[in-house]
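The values are calculated or read from the model by the stated rules, or taken from the named source; none is laboratory data. The model shown is predicted, which means the values in this text are computed figures rather than measured ones. Every residue, glycine among them, receives a Cβ derived from its backbone with ideal geometry; neighbour counts consider all protein chains shown.
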Amino acid sequence: MKLNNFKALLLLLCIFSLTACKDSAEEERYTSEEIEKEAAKLNAFFETEFQQDLEDSPMLQTRLGIREDYGSWDDYSHLRHAEDLETAKRRLEFLNNSIDPAALRGQDKLSYRLYKQSLEEEIEDYDFRFYNYPVNQMFGVHAELPAFLINMHQIDSIGDARAYLQRLQGIPEVIDQVIGGLELREMNHIMPPQFVFAHTIEASRNLLRGRPFEKSAEASALLQDFKEKVDQLEIPEQEKTKLVLEAQEILLNAVKPAYEKLIAKMEDQQQRATTEAGVWKFPKGAKFYETALKRTTTTNLSANEIHEIGLSEVARIHKEMEEIMEKVGFEGSLQDFFKFMREDEQFYYENTPEGKARYLTEAKQIIEGMKGRLDELFLTQPKADIVVKAVEPFREKSAGKAFYQKPALDGSRPGTYYANLYDMKAMPTYQMEALAYHEGIPGHHMQLAISQELDSLPMFRKHETYTAYVEGWGLYSEILPKDLGAYSDPYSDFGRLAMELWRSIRLVVDTGIHAKEWTREQAIDFYVRNSPNAESDAVKMVERHIVMPGQATAYKIGMNKIVELRKYAEEELGDNFDIREFHDVVLNSGALPLNILEEMVKDWVENEKG
């Protein structure tokens, strides 16, 4: 981790000791040796349990750059839920009976609080363990397995190649476990609406296109990936050929029948699926959605409150967009301006390899430009680098518009900003700047890379992902570069507003679908009428809301809180406010629930004033 100056170190020490400062009366009850002993016991417990989680998840090991169980998959069976419940109860019992929280200070006290809350919520949420769709167009296991092999499983030796083959061989077992879960959910009246099946069936069939599944000049996605990685090995050509032939055999005899079995199950369920979109249709659907909103936003905001916040923000942003209309001299209504931004060719690159390459090149330039300005906004900066890639063809049709993948913990893999260039009409150039800031720098790459590089935190906190915090930071990072003069082009600033508008509409539509029984068509229409985005954007987003209830409300709720806290700090500290210090307070404790983030910022402000 890079600390720009000594002031950053002092700030870190201040942050880590804030809670301790508050507890001066309690401190007198414990000697320094007792405090140190309790902290050591707690952190030893955290490390033991994290190592247990690591041992139980070969896929997490791979994501972190560890190659111990390199040929294995995680357990996808429904029996795992009961095992996880017992683990959570055992851990909670230890915290309640073996740790004295009053003896903890600073980050140790906060770690205790976060871990305990997480366990309590996991136990409370057990009743809703089947309230999801394991096969869906956003993150379904049908796409997760090949994407994991392609993006995560590196091959640097023959052993790594054989581990890849072992994972291919293990796909049928995972698919069987997933099918068992689909059947259990249907028995409990939990099944996705009809449109999901069309996406997931097509994506599954796409995986079986090309050699060795078909007589084709092109290799399938998995064969191509394996062959390219093996070709990089410094081993005899005969050995490379042998490995590739073995991969072809496993793909034909294991992977293909497994995916055909999954496709058959999806086609069977598709016949019984309805068009009902919201989780209100589930048994205890209203209670589930209420819980989902709490977990996602880390607030107690109700669905109605979130809906109204969304409507208010949509109206405000529309007004700011009208001001940009006047600035560029556009005559007509806001809807006319939306149509102009949607259709005018100047805002879109050609849907060709050259057009896509140009988009990627310019996105990289935006990120590189921001890298050079980070010292003006941040004291703490990540060591990990970031690269920009297009979403792979086999999943680009159903994947989201853009997303970020964390770097490997050991530095062997950089962070990655993925841009989905399947439909260039859905990737207008006027949104390019804001999108790069959100997914890359100063957005997700800054927050997530810094988080896992924090040596002062236990491992579970380095990898915690409170959605409102993580995505709130991403959305806050879209507006942050304005402080440095970004968005000088009014159309680009319109693009920033368009993306904030999009997240505000999410508040309205997500709650509309799941709490107010809106149809898929009603939801799409609201997006199209109120934003300049392509209709294909609206369709994808509504379909995302449907399979990920509550998730998309996190962005704007999280951003609003960070903006609110910054404004509070600026007003309280006046000329003593330092944006770099504020960002250290926000980032240097890892992801946090919004209420705890608010406590930390207010503690910092009081300490600065004192």
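Note on segment 488-524: among residues that are outside any helix (DSSP H, G or I) and hydroxyl-bearing (Ser, Thr, Tyr), the one that is nearest to Pro193 (Cα to Cα) is Thr519.
Conditions (1) over 19 Å from Pro458 (Cα atoms); (2) without any contact (Cβ under 8 Å) to a residue 24 or more places away in the chain, marked per residue:
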| position | (1), (2) |
| --- | --- |
| Leu64 | no, no |
| Glu83 | yes, yes |
| Lys89 | yes, no |
| Glu93 | yes, yes |
| Ser98 | no, no |
| Ser111 | no, no |
| Gln117 | no, no |
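Set side by side, the residues Phe282, Phe340 differ, and just one is on the phi < 0 side of the Ramachandran plot, touching a Phe, Trp or Tyr at 6+ places or on another chain (Cβ under 9 Å) and outside the structural domain of Arg503 (by TED's automatic domain parsing), which is Phe282.
Looking across Leu448, Leu480, one residue alone is among the hydrophobic types (A, V, I, L, M, F, W, C), over 22 Å from Leu60 (Cα atoms) and either touching a Lys or Arg at 6+ places or on another chain (Cβ under 8 Å) or part of a helix (DSSP H, G or I) (or both). It is Leu480.
Of all residues in segment 558-595, count the ones that are surrounded by fewer than 18 Cβ atoms within 10 Å (Cβ to Cβ) and either in a helix (DSSP H, G or I) or of a type outside the set (D, E, K, R) (or both). Spell out how you get there, then give the answer.
Filtering segment 558-595 down to residues surrounded by fewer than 18 Cβ atoms within 10 Å (Cβ to Cβ) leaves 563-564, 567-568, 570-579, 595.
Now drop any that are not either in a helix (DSSP H, G or I) or of a type outside the set (D, E, K, R) (or both), which leaves 563-564, 567-568, 570-577, 579, 595.
Here the count works out to 14.
Taking first residues from segment 218-232 that are over 14 Å from Leu168 (Cβ atoms) and partners that are outside any helix (DSSP H, G or I) and of a type in the set (A, V, I, L, M, F, W, C), the Cβ contacts under 8 Å between residues at least 6 apart in sequence or on separate chains come to Gln232/Ile155. One residue stands out among those in segment 525-557 that are assigned to a helix (DSSP H, G or I) and among the polar types (S, T, N, Q): the one that is surrounded by the fewest Cβ atoms within 10 Å (Cβ to Cβ), which is Ser536.
Of all the criteria given as (1) closer than 28 Å to Trp280 by Cα; (2) modelled with pLDDT of 95 or more; (3) surrounded by fewer than 23 Cβ atoms within 10 Å (Cβ to Cβ); (4) not small (Gly, Ala, Ser), the one not satisfied by Pro490 is (1). How many residues are part of a loop (DSSP other than H, G, I, E, B) and surrounded by 14 or more Cβ atoms within 10 Å (Cβ to Cβ) when one looks only at segment 210-234? Here the count works out to 5. Against the list (1) modelled with pLDDT under 95; (2) more than 29 Å from Met325 (Cα to Cα); (3) assigned by TED's automatic domain parsing to the domain that holds Glu326, the condition Val539 fails is (2). Among helices (runs of 4 or more DSSP H) entirely within segment 1-109, having at least 1 residues that are more than 29 Å from the chain's Cα centre (by Cα) and modelled with pLDDT under 95 singles out 6-16, 18-22, 24-27, 32-56.
Taken together, Arg162, Arg113 contain a single residue that is under 30 Å from Pro414 (Cα atoms) and surrounded by fewer than 18 Cβ atoms within 10 Å (Cβ to Cβ), which is Arg162. Restricting segment 248-264 to residues that are within 31 Å of the chain's Cα centre (by Cα) and surrounded by fewer than 16 Cβ atoms within 10 Å (Cβ to Cβ) leaves a set whose member that is farthest from Lys227 (Cα to Cα) is Ala264.
The listed residues are Lys356, Lys327, Lys364, Lys339, and the only one of them that is under 27 Å from the mean Cα position of the chain (by Cα), in a helix (DSSP H, G or I) and over 14 Å from Thr429 (Cβ atoms) turns out to be Lys364.
Quickly run through segment 422-441 and pick out the residues that are of a type in the set (A, V, I, L, M) and crowded, with 24+ Cβ neighbours inside 10 Å. If you could, list the steps in order and put the result at the bottom.
Just the residues of segment 422-441 that are of a type in the set (A, V, I, L, M), to begin with: 424, 426-427, 432, 434-436, 441.
The answer is Met427, Ala434, Ala436, Ile441.
Screening Pro442, Pro458, Pro428 for residues that are modelled with pLDDT under 95 and either more than 23 Å from Leu54 (Cβ to Cβ) or among the small types (Gly, Ala, Ser) (or both) leaves exactly one candidate, Pro428.
Taking the condition over 30 Å from Ser118 (Cα atoms) and assigned to a helix (DSSP H, G or I), does Glu249 pass?
Values: over 30 Å from Ser118 (Cα atoms): yes; assigned to a helix (DSSP H, G or I): yes.
Answer is yes for this residue.
Checked against the criteria, Glu186 does not count as without any contact (Cβ under 8 Å) to a residue 60 or more places away in the chain and not hydroxyl-bearing (Ser, Thr, Tyr).
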